[in-house]
1. Are there GluC sites (Glu not before Pro) in the range A:69-171 that DSSP marks as loop and that have at most 16 other Cβ atoms within 10 Å, and which are they?
2. Just to confirm my numbers, what's the Cα centroid distance between the range B:6-85 and the range A:218-244 in Å?
3. Lys/Arg Cβ at +1, Asp/Glu Cβ at -1, dipole of the range B:82-148 taken about the Cα centre: which of B:V120, B:V107, B:I131 is farthest positive-ward?
4. So what is the relative contact order of the range A:190-350, in percent, for Cα pairs below 8 Å that sit 6 or more residues apart?
5. Determine which lysines satisfy two conditions relative to B:K90: a Cα distance under 30 Å, and not lying fewer than 8 residues away in the same chain.
6. Using the structure shown, list the pairs from A:K460/A:K535; A:K148/A:K498; A:K312/A:K554; A:K460/A:K512; A:K125/A:K204; A:K125/A:K297 with a Cα-Cα distance above 31 Å, or answer none.
7. I need the GluC sites (Glu not before Pro) found in the range B:53-138, filtered to DSSP loop residues with at most 16 other beta carbons within 10 Å of theirs.
8. Tell me the net charge near A:G103. Cut-off is 10 Å between Cβ atoms, A:G103 excluded, with +1 for each Lys or Arg and -1 for each Asp or Glu.
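Derivation of every value follows stated rules applied to the coordinates shown; laboratory data play no part. Since the model is a prediction, treat every value here as computed from it, not as a measurement. Cβ placement follows ideal geometry from the backbone for every residue including glycine, while neighbour counts extend to all protein chains displayed.
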Amino acid sequence: MKRTGAQILWEALIREGVSTVFGYPGGAILPAYDAMLEFPIQHVLVRHEQGATHMADGYARAGGGVGVAVATSGPGATNMVTGIATAMLDSSPMVCITGQVGGKLIGSDAFQETDITGVTLPITKHNYLVSRPQDVARTVKEAFYVAKSGRPGPVLLDITKDAQQSSCEVEWDDSEVTLPGYRPDLRATQEVYQRAIDMINEAKRPIIFAGHGIMLSGAMDVVRAIAERANIPVAMTLLGIGGFPARHPLNLGMMGMHGEAWVNSAIQEADLLLAFGMRFDDRVTGNLATYAQNAKKIHIDIDPAEFNKNVKVDVPLTGDLRTVLEEILPHVAEGDRSSWRAAIEEMKGDCAVRDIQNLPDSGHLYAAHVINDLWRVTDGDAIVVTDVGQHQMWEAQYYHHDHPRSLITSGGLGTMGFALPAAIGAKFACPDKEVWAVVGDGGFQMTQAELATIAQEQIKVNVAIINNGYLGMVRQWQEFFYDRRYAATPLLNPDFVKLAEAYGLSGMAVTKRAGVVPGVEAAREHAGAVILEFKVEQEDSVFPMVPAGAALDKMIRRPNPIVETAAD
Amino acid sequence: MRHTFAVHVEDTPGVLNRVASLFRRRAFNIESLTVGHTETAGVSRMTIVADTDDHGALRLEANLYKLVNVLRVDDITVRPSVQRDLAMIKVAATPETRTHVMQLVDVFRARVIDVAPDSVIIEATGPEDKIDGLVEVLRQYGVIEMVRTGCVAMARGPKIGGLGDGVERGTQVADDAPADDSNVSYSV
């Protein structure tokens with residue numbers, strides 16, 4: 001039977017297991033939208049195509065599948081660029097489908113024509129221009145395969161309008177995808193494994209680095225087994241949070257620019273770093289010339305291009321993290337390492353005190369309190385989706401994630417405006433989970449139009465706006481490094497409570513510390529989405545902090561114990 | 001130092017763009033790039049010369065492999081290889097100077113492929129420094145126009161080389177000799 005390219009598209013998507021897509025219609029994608037009505041697809045209408053990509057990204061990160069975003073040609077496609085780049089830098093599996101002007105019009109500067117495969121070439125894992133209906137099925141299959149295999153990433157499919165409209169016979173092919181130049185299943189030789197195992201067993205002061213790869217390969221239990229057997233402490237990257245239980249005694253906390261001081265000091269003292277699915281980003285290493293000079297490095301990653309990119313490693317192990325670790329685990333010797341752990345405890349000293357909950361109420365509302373109370377009230381069980389900036393770092397420090405895929409955040413690209421749409425996507429992937437978007441007043445306004453999507457889809461996503469009236473992290477840098485010259489960082493904000501009400505949602509403002517817990521509880525009990533605005537201390541800063549380019553253990557510590565009993 | 005890569009790619013639309021874009025995105029300069037068909041239908045071969053250190057060359061190789069359409073990457077810099085550049089040089093040549101030009105052409109084992117009253121076109125093939133040398137000596141007569149293909153390169157076979165005229169002696173090398181001593185393998 002003959003089918004149109006548009007029909008083939010939806011059938012192919014369903015064959016890939018797609019049930020939900022996030023999109024926005026337009027001229028060049030109209031045939032696909034028309035055909036969509038014949039298929040069991042839940043379409044979430046966004047308010048801006050950037051929102052569609054972040055939703056697809058959040059959907060993928062929360063649920064572990066592939067997120068799908070749909071847009072039209074030209075501006076629809078270019079609006080996706082930020083979301084695609086976000087997914088690329090955080091290795092999130094996503095398929096973006098864009099309409100393209102008819103094949104005969106390509107290159108003629110037709111209405112809403114943009115060379116989106118050219119535009120997205122450096123920010124996609126791969127992309128395709130599809131101009132014939134007979135190529136649709138195969139291309140969709142390849143796109144999903146490429147997006148989710150190996151190191152995941154975004155794939156864009158640009159389908160011309162005539163390829164959607166015209167018909168062809170279709171035969172469904174269940175064979176494996178063959179891409180001769182694509183090798184997602186690399187593995188290291190046995191000799192390399194042995195060197196890694198010897199190094200682990202000989203190490204006196206090892207640290208495991210838990211990266212995003214733990215989530216992507218589902219390696220939580222193997223990482224835990226290795227850490228426990230050999231008594232190796234575990235430090236987290238931002239995207240690795242949740243890959244190892246926060247409340248586990250071996251969990252050190254987050255490393256890097258706003259990581260815990262004792263974690264960074266321990267890294268500088270360590271004799272072996274076990275990098276599990278992380279990529280030594282500059283936010284993690286600080287100054288490379290002084291980074292972990294005493295440590296040998298074992299780097300396990302599915303993408304060999306990451307080896308020796310920033311940090312010279314002694315043993316690179318290519319492969320899927322879970323597979324590699326399962327092979328290593330039986331050979332890891334039981335270890336005590338109590339003196340190393342005691343040394344780290346000593347570095348912690350009293351700065352590890354995080355019992356900020358019992359501090360006397362100074363009359364000020366600090367973001368750290370808000371996040372910490374949110375953690376306690378939700379019992380650490382919510383999926384928290386953050387934006388980028390100070391609140392993101394406070395979330396990483398004060399919300400203790402015990403479960404994988406429970407913190408969703410834009411790490412690599414640092415995309416403001418990510419939280420609200422990504423939280424919507426996470427809710428669609430995990431409808432039974434409690435989902436919170438934690439977002440600054442700046443980032444929230446970049447994609448706040450998606451409140452309408454929440455209202456239209458009637459989903460329960462709670463939003464905590466950490467409102468300090470500034471672009472807080474930029475203000476912090478201006479305070480520290482630019483002599484407090486606050487260029488373009490103070491914000492005049494709308495009334496967020498009224499804004500929520502304008503969208504038919506509930507809004508609440510909290511200005512006192514005593515109001516935080518009741519506010520969070522009320523939001524959880526309310527049937528619909530609630531926007532909770534926390535009016536927090538305006539010029540608070542995130543501590544500790546490694547200034548850009550400084551050595552990892554040369555941190556700016558908290559000058560006054562504002563929210564903690566100990567100098568941090 | 002200069003690194004020469006032989007890159008086998010699928011012959012699909014946009015593949016040149018993907019490869020070139022990778023060099024630009026990762027901040028490497030391409031000194032020359034040539035592309036053409038290979039012995040296998042559907043497979044094109046690029047010879048890419050880039051100025052980078054060994055670390056950069058490894059990163060380039062690893063990142064080239066990440067492109068879905070790239071089949072195989074060989075950094076043939078460290079291997080015995082033959083490298084050739086083809087040039088067409090239009091040189092001013094009056095009846096008085098033409099004989100001198102022709103003699104130089106002979107010395108460089110180049111050929112004259114077009115003669116006009118006031119100029120000749122010379123075709124020369126060889127390693128880049130040989131072409132550079134020819135251009136240098138022709139400059140005094142007036143180089144009107146020049147086009148060069150850029151370097152094309154091929155690793156030598158496992159046997160003794162030496163196919164006669166102008167070919168350097170090769171040494172015997174194992175197939176797929178490792179390009180460096182690092183443990184990183186990007187291809188397996």
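1. A:E171
2. Cα centroid to Cα centroid, the span is 38 Å.
3. Positive-most Cα among the choices belongs to B:V107.
4. So the answer I get is 28 percent.
5. Leaving aside lysines fewer than 8 places away in the same chain, those within reach of B:K90 are B:K130.
6. Flagged as over cut-off: A:K148/A:K498; A:K125/A:K204.
7. B:E96
8. Summing Lys and Arg as +1 and Asp and Glu as -1 gives +2.
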